[in-house]
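Asks: Here you go, one structure.
Every read-out reported here was derived from the displayed coordinates using simple, explicitly stated rules and does not represent laboratory data. Here the structure is a predicted model, which is why all the values come from computation and not from measurement. As a convention, Cβ positions derive from the backbone with ideal geometry for all residues, glycine included, and neighbour counts pool all protein chains shown.
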Amino acid sequence: MTPFPCLWQALQDVTDPRGARGQRYHFTPLMVFTVLAVLAGARSYRDVITFIRERRHQLNELFGTRLTRAPALNTLR
């Protein structure tokens with residue numbers, strides 16, 4: 001079972017505004033992880049990246065994702 005199933009489902013319905021070229025990360029996990037980072041006190045893109053980098057293994061385990069590293073700053077922008 002995925003934690004925060006309502007949040008996950010709601011964000012799955014959001015259209016990915018990125019172009020198809022160069023997409024390394026799926027949109028829904030990025031958005032969910034960004035929301036979690038903000039709830040944990042992140043106030044900038046760098047804070048979000050730090051949150052993901054420090055908790056990547058736990059996030060992968062909890063959400064069934066396969067992040068090998070945190071996204072770059074421009075990926076979140």
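Asks: Per-residue HN-Hα couplings for the stretch 34-46, Karplus 6.51 cos²θ - 1.76 cosθ + 1.60 at θ = phi - 60°, whole Hz, x for Gly and Pro?
Replies: Ordered by residue, 3J(HN,Hα) equals 5, 4, 4, 4, 5, 4, 8, x, 5, 10, 8, 4, 4 Hz.
Asks: Sorted by packing (mean other beta-carbon atoms within 10 Å per residue), highest first, where do 4-15, 60-71 land?
Replies: Top of the packing list down: 60-71, 4-15.
Asks: While we're looking at this one, here's another question. Through the Karplus equation 6.51 cos²θ - 1.76 cosθ + 1.60, θ set to phi - 60°, convert the phi angles of the stretch 57-66 into ³J(HN,Hα) values in whole Hz; use x for Gly and Pro.
Replies: For the stretch 57-66, the Karplus curve yields 5, 5, 5, 4, 5, 5, 9, x, 8, 9 Hz.
Asks: Translational diffusion coefficient of the chain at 25 °C, 0.890 mPa s, Stokes-Einstein with Kirkwood Rh over Cα pairs, in µm²/s as a whole number.
Replies: Here the translational diffusion coefficient equals 192 µm²/s.
Asks: In addition: Would you pull out the residues with amide H under 5 Å of Tyr25's amide H, same chain only if 5 or more places away, H placed 1.01 Å from N?
Replies: HN-HN under 5 Å from Tyr25: empty list.
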